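A short reminder: the numbers here are calculations on the coordinates, not readings from a lab. Since this is a predicted model, take the numbers as computed values, not measurements. Positions of Cβ are backbone-derived with ideal geometry, glycine not excepted, and every protein chain shown enters the neighbour counts.
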Amino acid sequence: MRKTLTLVFASLLLINLDGMAQNKVYFGQTEIGLLTGRSPEQWDGNTERRTDFTLMSFHGAQIFKNHVVGFSVGLDQYEDISIIPIAFGYRGFLGKEGKPKIFGGLDLGYGSAMLEKREETEWSKSWYRGGLMFSPSVGCSFPARNGNSALSLSVAYKRQDITYFQGSLANLGTQTIASDQLPPGFSSLNQTENLYRSIVFRIGIMY
């Protein structure tokens, strides 16, 4: 009985290894597109239509047939703010090999504002800080003739938090009351939460 189970297990393992060798494990997707939506509320409560640029590159591994997990990195240009989104991601496909497929995706991570310069004067400092990024997507892929790549068209929803800080520095030689809510060296600090909700239209390649 033990020999039989060992033989069955060894056979299944060889079948799986053979399948992994024949099937491409790595999956890549690179897309460019547009972010469309409304700007955050201005001081008077009004918002404006905006159209911004986005670039995304996803790198993953096929864990099951038609199911891929990995990570994505990119660049989103919101008006005059540059954000680098870094996220864990999932891609799932529906359709036959060699034919157009429908796919869905989900990216969840953080949008970094590392490209934004910190403004500093003798009296004040200001800077941006990124935040949570969430983006589900759906699209279609159209395989190339060689079968090694495919054209992708996708539509996504993206939610990105961005915070703007503007603070006044404490004057040298003066005493300020310590506050747990203020960083050292600041006499005041204003914090503005900006939430960008966008519909994203992308085109790219899968490989």
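Across region 26-40, computed HN-Hα scalar couplings (Karplus, 6.51 cos²θ - 1.76 cosθ + 1.60, θ = phi - 60°) run 6, 9, x, 8, 10, 9, 10, x, 10, 9, 10, x, 10, 6, x Hz from first to last residue, x flagging Gly and Pro. Sorted fewest first by neighbouring Cβ atoms within 10 angstrom, I81, I32, I162, I199 come out as I199, I32, I81, I162.
When R118, R50 are arranged by Cβ crowding within 10 Å, least crowded first, meaning fewest neighbours, the order is R118, R50. Shape of region 23-176 from the C-alpha gyration tensor: prolate (a/c of 1.5 or more and a/b above b/c, with a ≥ b ≥ c the square roots of its eigenvalues).
Given K24/K65; K125/K158; K101/K158; K24/K99; K99/K158; K24/K158, which pairs have Cα atoms separated by over 20 Å? Before the final figure, lay out the partial values.
On the way: K24/K65 10 Å; K125/K158 30 Å; K101/K158 23 Å; K24/K99 17 Å; K99/K158 28 Å; K24/K158 29 Å.
Distance filter (> 20 Å) returns K125/K158; K101/K158; K99/K158; K24/K158.
On the beta carbon distance between W127 and V69, with R0 = 45 Å, the FRET formula returns roughly 0.85.
Neighbours of Y110 by Cβ distance under 15 Å: Lys/Arg scored +1, Asp/Glu scored -1, total -1. Model label sites at H59 and S149, defined 7 Å from Cα along the beta-carbon direction, differ in position by 1.7 nm.
The residues R38, R202, R91, when put in order of fewest to most other Cβ atoms within 10 Å, stand as R38, R202, R91.
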